[in-house]
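Structure record follows, encoded as structure tokens.
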């Protein structure tokens with residue numbers, strides 16, 4: 001199980017401290033949510049913050065683009081330090097072209113699916129994806145309640161992956177905690193994004209360790 005703490009939940013007045021905590025932890029990836037206030041009703045941060053994190057981070061940066069027309073910015077986020085980039089299926093009218101653009105930049109390519117978007121829509125593109133990010137809350141804000149239907153969605157996607165004999169990873173983002181982490185793993189998840197569960201814990205290092213051992 002790979003663990004990706006979500007920087008959106010970090011203390012931005014002590015961002016350097018929180019980045020170093022993740023560096024020292026058993027986490028595998030930094031998860032960075034980019035929001036434009038249009039695709040989702042929230043605004044987070046952009047290139048300067050990603051670039052600043054890259055300078056201190058000792059683990060890959062997983063950049064989740066919750067933005068309209070992401071093709072405009074893929075190369076700039078790669079240049080800012082992104083190692084993984086996911087775009088929303090719902091935001092890309094020419095999705096295959098967008099995925100190829102990401103892969104041509106030497107970055108792991110992923111698709112993010114909103115809770116209402118069925119995994120069956122990925123049937124013709126799944127073999128081209130390095131990972132699929134399943135949103136287990138409605139995108140835009142942290143601290144939301146986990147959507148229980150997510151387990152069934154993971155199992156359907158895992159069956160599609162096994163049927164094709166490919167190694168596409170399944171990433172879960174939203175409401176992940178120490179209670180549902182084992183269930184997510186059992187359903188077929190490979191990567192867990194955790195925000196408040198990590199950064200609001202009394203002992204974030206122990207929490208990350210426990211998530212990883214789920």
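Give the residues of the range 16-53 that are surrounded by fewer than 16 Cβ atoms within 10 Å (Cβ to Cβ) and without any contact (Cβ under 8 Å) to a residue 40 or more places away in the chain, sorted by residue number. Answer for the range 16-53, where residues must be surrounded by fewer than 16 Cβ atoms within 10 Å (Cβ to Cβ) and without any contact (Cβ under 8 Å) to a residue 40 or more places away in the chain: 17, 20, 23, 37, 38, 43, 47, 48, 51. Residue 62: crowded, with 21+ Cβ neighbours inside 10 Å, under 15 Å from the mean Cα position of the chain (by Cα) and modelled with pLDDT of 95 or more, yes or no? It is true that residue 62 is crowded, with 21+ Cβ neighbours inside 10 Å, under 15 Å from the mean Cα position of the chain (by Cα) and modelled with pLDDT of 95 or more. A count restricted to the range 124-159 and to residues that are part of a loop (DSSP other than H, G, I, E, B) and out of contact with any helix residue (DSSP H, G or I) (no Cβ under 7 Å at 6 or more places or on another chain) stands at 13.
Restrict the check to the range 72-82 and report whether at least one residue is in contact (Cβ under 8 Å) with a residue 12 or more places away in the chain, assigned to a helix (DSSP H, G or I) and under 30 Å from residue 210 (Cα atoms). The answer is no, given that none of the residues of the range 72-82 is in contact (Cβ under 8 Å) with a residue 12 or more places away in the chain, assigned to a helix (DSSP H, G or I) and under 30 Å from residue 210 (Cα atoms). The requirement of being buried (at least 22 other Cβ atoms within 10 Å of the Cβ) and at pLDDT 95 or above is satisfied by residue 189. Kindly provide the set of residues from the range 142-152 that are over 18 Å from residue 4 (Cα atoms) and either exposed (fewer than 14 other Cβ atoms within 10 Å of the Cβ) or in contact (Cβ under 8 Å) with a residue 40 or more places away in the chain (or both), ordered by number. Result: 145, 148, 149, 152.
Are any residues in the range 28-66 more than 16 Å from residue 76 (Cα to Cα) and part of a strand (DSSP E or B), and if so, which ones? Listed by number, the residues that qualify are 30, 31, 43.
Being assigned to a helix (DSSP H, G or I) and touching a helix residue (DSSP H, G or I) at 6+ places or on another chain (Cβ under 6 Å) is the filter here, so list the residues in the range 165-206 that pass it.
Result: 181, 187, 196, 198, 199, 204.
Does any residue of the range 31-40 turn out to be farther than 20 Å from residue 131 by Cα and over 17 Å from the mean Cα position of the chain (by Cα)? Within the range 31-40, one or more residues are farther than 20 Å from residue 131 by Cα and over 17 Å from the mean Cα position of the chain (by Cα). Number of residues in the range 92-111 that are in contact with a helix residue (DSSP H, G or I) (Cβ under 6 Å, 6 or more places away or on another chain) and within 16 Å of residue 173 (Cβ to Cβ) equals 1.
For the range 117-141, how many residues are over 22 Å from residue 164 (Cβ atoms) and either modelled with pLDDT of 95 or more or surrounded by 19 or more Cβ atoms within 10 Å (Cβ to Cβ) (or both)?
Going residue by residue through the range 117-141, those that are over 22 Å from residue 164 (Cβ atoms) are 135-141.
If we keep only those that are either modelled with pLDDT of 95 or more or surrounded by 19 or more Cβ atoms within 10 Å (Cβ to Cβ) (or both) too, we end up with 135-137, 139.
Qualifying residue count, the range 117-141: 4.
With respect to being over 25 Å from residue 26 (Cα atoms) and without any contact (Cβ under 8 Å) to a residue 24 or more places away in the chain, residue 94 fits the description.
Within the set 6, 44, the sole residue that is at pLDDT below 95 and under 29 Å from residue 209 (Cα atoms) turns out to be 44.
The values are calculated or read from the model by the stated rules, or taken from the named source; none is laboratory data. This one's a predicted model, so the numbers in the text were calculated from it and none came from an experiment. All Cβ positions, even for glycine, are placed from backbone atoms using ideal geometry, and neighbour counts span all protein chains on display.
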